[in-house]
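Quick note: the coordinates plus some simple rules give every number you see, no bench work behind them. Please read all numbers here as calculations on a predicted model, not as lab measurements. We place every Cβ from the backbone using ideal geometry, glycine too, and count neighbours over all the protein chains shown.
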Amino acid sequence: MNTDIKTLISETFLEIANAIESGRFVERLKIGLTTLGSELGVEEVIKGGVAASKTGLFDVVLIGPKCDTDLEVIEANDERETHQVMNKLLDEGYLKACVTMHYPFPIGVATVGRVITPAKGKELILATTTGTSDTNRTIAMVKNAIYGIITAKALGISNPTVGILNVENAPSVERFLHKLHENGYKINFGESIRHDKGSLMRGNDLINPNCDVMVTDTLTGNILMKLFSSYNTGGNYEVLGYGYGPGIGFDQDRIINIISRASGAPVIKNALIYAYEVIKGNIKGIIKAEYDKLQKANLDALIEELKQNTNTNTSTTTKVRPAKETVSEEILGVEIFELDNAVNILMDNGIYAESGMGCTGPVVLVSPNHKEKAIGILKMHKYL
């Protein structure tokens, strides 16, 4: 046998042995990216996907119309179809995560954003930025804090510091979190950079944060994401940060990271990397572990104690509720704190409905056949 061929074979076997030993001989991780819906165009989205793929950390799979690219493309013709395809590929395990826009998470799920703060370039986790973790404001912010802690741990921050932005209900949220802490769910509270310290954070603490996780209500978090990501571009092109983050919820199994319709290629690239990082950080395992700790700390009992004097269900009828059906039509305009009541009114009137959170706020979800009638009922009961 020719000496050169022997050398080539020897080197090939050595490379294989090294790959097996180092763990590089494994199936490539695939992360999806839906390409439709951006205000900046499909090309901008693809540019972000290509940039992420060049890191070599994972393969990017585009979901959308056929396009000229070296990336894998799974075709879909509109936004609804991209989400149908995305959900199927996630459930089958072909994709480990996906980055998308305008995804209606169910109530109980909210996304945890990640920004670069301007004073010292420090990363800050914003909990939360889209979705609704609960229809009760205080409980929602408590869950937001927990979701932020989960995400921070998935990113490798083993004992994240937590600050609470001083918005409405912040003191109630702080008291609730301290009760959880006393019950055994340990929380590492951060301190404001202001003279009077404390874990209630001011505007200054957003610019120069002294915590890893900043807790706020979702709509405030959404505004902050937009400000941090596009304050130097005029507002119509998000260029900084990692996007609005993964949707976290105790029953949420799919890893779906959200970007905005105004997110530019740099943010889209970072959002894909963010998804990769929480996968590698075992975020699903962390959600389960934190949930178990919270049960031991009597989270549910504390929630019931907070709710005991609040009747959030105005429906007093005993009508048979309609059977579950596929809901794909969004009705906008219902106030977040009246969302449960609006759903109950529709169910009492024979229309199956669910609550959710769209890109621009809370939504009531119904089937296409019932949308017009549902709108009429909601208007009659003053929810619209």
### Summary
Under 5 Å from the placed amide H of PHE189, counting only residues 5+ away or on other chains, we find VAL162
### Task
May I ask you to sort VAL334, VAL42 by Cβ crowding, counting other Cβ atoms within 10 Å and putting the fewest first?
VAL42, VAL334
### Query
Order of CYS67, CYS211 from fewest to most other C-beta atoms within 10 Å?
CYS67, CYS211
### Summary
When the chain is treated as a Gaussian network with springs between alpha carbons less than 10 Å apart, the largest mean-square fluctuation among HIS181, HIS195, HIS370 is found at HIS195
### Query
For segment 82-201, what D do you get in µm² per second when you plug the Kirkwood radius from alpha-carbon pairs into Stokes-Einstein at 4 °C and 1.567 mPa s?
81 µm²/s
### Query
For PHE337, PHE58, what's the fewest-to-most ordering of other Cβ within 10 Å of each Cβ?
PHE337, PHE58
### Query
Which values of log₁₀ I(q)/I(0), to two decimal places, follow from the Debye formula for segment 329-380 at q = 0.23 Å⁻¹ with a uniform point scatterer at every Cα?
-0.76
#### Entry: Dipole of the chain, positive end: most advanced residue of TYR103, LEU272, MET380 [Cβ charges, Cα centre]
MET380
### Query
In nanometres, what is the gap between the two model label sites at GLU372 and ALA289, each 7 Å from Cα along Cα-to-Cβ?
5.4 nm
#### Entry: Reachable lysines, given that their alpha-carbon falls under 29 Å from the alpha-carbon of LYS179 and they are not under 8 places away in the same chain
LYS143, LYS153, LYS197, LYS284, LYS288, LYS293, LYS296, LYS307
### Query
Dividing the convex hull volume of the Cα atoms of the chain by its residue count, what figure in Å³ per residue is obtained?
184 Å³
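With Cβ to Cβ distances under 12 Å as the rule, what net charge do the other residues near TYR185 carry (K, R +1; D, E -1)?
Counting the neighbours of TYR185, the net charge comes to +1.
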### Task
For helix 3-22, report the angle its Cα long axis makes with the longest principal axis of the Cα atoms of the chain; keep it between 0 and 90° and round to the nearest 10°.
20 degrees
### Query
Taking only Cα atoms, what is the 0 to 90° angle, nearest 10, from helix 283-296's long axis to the longest principal axis of the chain?
40 degrees
### Summary
The Kirkwood hydrodynamic radius of segment 122-268, taken as the inverse of the mean 1/r over all distinct Cα pairs, in Å, comes to 15.5 Å
